[in-house]
Amino acid sequence: MDDALIQSLRTRLSEFDGKAVTLLGEAEASLSDNLYYVDALIVLSDSSEGKIADGATWLIKSALERGTRLTATQTLLLIEQLPKIKGWSAQLHVCQSIRYLAIPAGHAQLVARWLAPLLNHRRPFLRAWALDALDWVARVEPGLRGQVSAAMDEAERDDAASVRARAKAIRRRKI
C-alpha cells in the first residue's frame with residue numbers, strides 16, 4: 001500500500017465540503033493513475049471523519065462509473081468496510097456503486113444485511129438507492145428475491161416520489 005498516496009488523498013478529501021465535487025475531480029485527475037489509487041480509497045471509505053469517507057466513496061463510485069473494475073480482493077475489502085461506513089452520503093455512494101461490483105455469492109448475504117436498515121433510512125434518496133442495491137445483490141443470491149419483493153412493495157407505498165420512482169425503474173429493468 002502506498003502510504004504517501006493515502007496521506008495525499010486524506011489531505012485533499014479533508015477539504016471536501018460535501019457539495020462541491022470539483023475538488024474531488026481534481027484529486028481524481030491527479031491521483032487516479034497510481035496503481036494503488038482504488039485501494040487507498042477503500043482504506044479511506046470508513047474514515048470517522050465524514051467528509052473523507054464521503055469523498056472516498058464518491059471517488060470509488062466515479063471510478064466504477066468510468067469503467068474501473070475492482071479486483072476480487074478489492075471487492076472483498078470494500079465489503080468488509082461496509083459496517084464501518086456510517087455517514088449517509090458515503091452509504092449512498094456505496095449503494096450507487098453496488099451494481100458495478102462482482103459480489104461473491106458467499107458475501108451477498110452480508111451486503112444484504114448492511115442494506116436492510118438503509119431501506120428505512122430517514123433520507124428518501126438513500127432508501128431508493130438501497131433498494132436498487134439490494135436488487136443487484138439478489139442477482140448474485142437468488143435467495144434474497146423474497147426480501148427484494150417485500151422491499152419493493154413497501155417502496156411503492158413510500159411517501160417519497162424518489163423511492164417510488166426507483167421501485168418503478170427496478171421493475172422496468174426486469175421486463
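Observations on the model:
- Each label was represented as a point 7 Å from its Cα along the Cα-to-Cβ direction; for Thr73 and Ser149 these points are 4.1 nm apart.
- The C-alpha atoms of the chain define a longest principal axis, and helix 50-65 lies at about 80 degrees to it.
- One decimal place: the segment Leu35-Lys86 gains 15.6 nm when fully extended, by the rule 0.36 nm per residue minus the C-alpha distance.
- Inter-part distance where the stretch 146-175 and the stretch 83-107 are each reduced to a Cα centre, Å: 19 Å
- Helix 22-31 axis versus longest C-alpha principal axis of the chain: approximately 60°, rounded to the nearest ten.
- For Lys61, a cut-off of 20 angstrom between C-alpha atoms picks up these aspartates and glutamates, skipping any fewer than 8 places away in its own chain: Glu15, Asp17, Glu26, Glu28, Asp33, Asp39, Asp46, Glu49, Glu80, Asp132, Asp135.
- Which of Ala40, Phe16, Gly106, positive extreme of dipole for the chain (C-beta unit charges): Gly106
- Gln109/Ala169 FRET efficiency (R0 30 Å; Cβ-Cβ; nearest 0.05): 0.75
- Of the residues Asp159, Asp132, the one with the largest accessible area comes first in the ranking Asp159, Asp132, computed with a 1.4 Å probe on protein heavy atoms.
- Probing with 1.4 Å while keeping every protein chain in the model, the per residue accessible area of the chain equals 49 Å².
- Looking at the stretch 22-68, the GluC sites (Glu not before Pro) that sit in a DSSP loop and have at most 13 other Cβ atoms within 10 Å of their own Cβ are Glu49.
- Length released on extending from Ala160 to Ser48, taking residue separation times 0.36 nm less the Cα-Cα span: 37.4 nm
The values are calculated or read from the model by the stated rules, or taken from the named source; none is laboratory data. Given the structure is predicted, the values throughout are model-derived calculations rather than measurements. A quick note on method: Cβ atoms are made from the backbone with ideal geometry, for glycine too, and the neighbour counts reach across all protein chains shown. These accessible areas exclude ligands, DNA and RNA; they are computed on the full protein's heavy atoms, side chains included. Shrake-Rupley method; radii C 1.70, N 1.55, O 1.52, S 1.80 Å.
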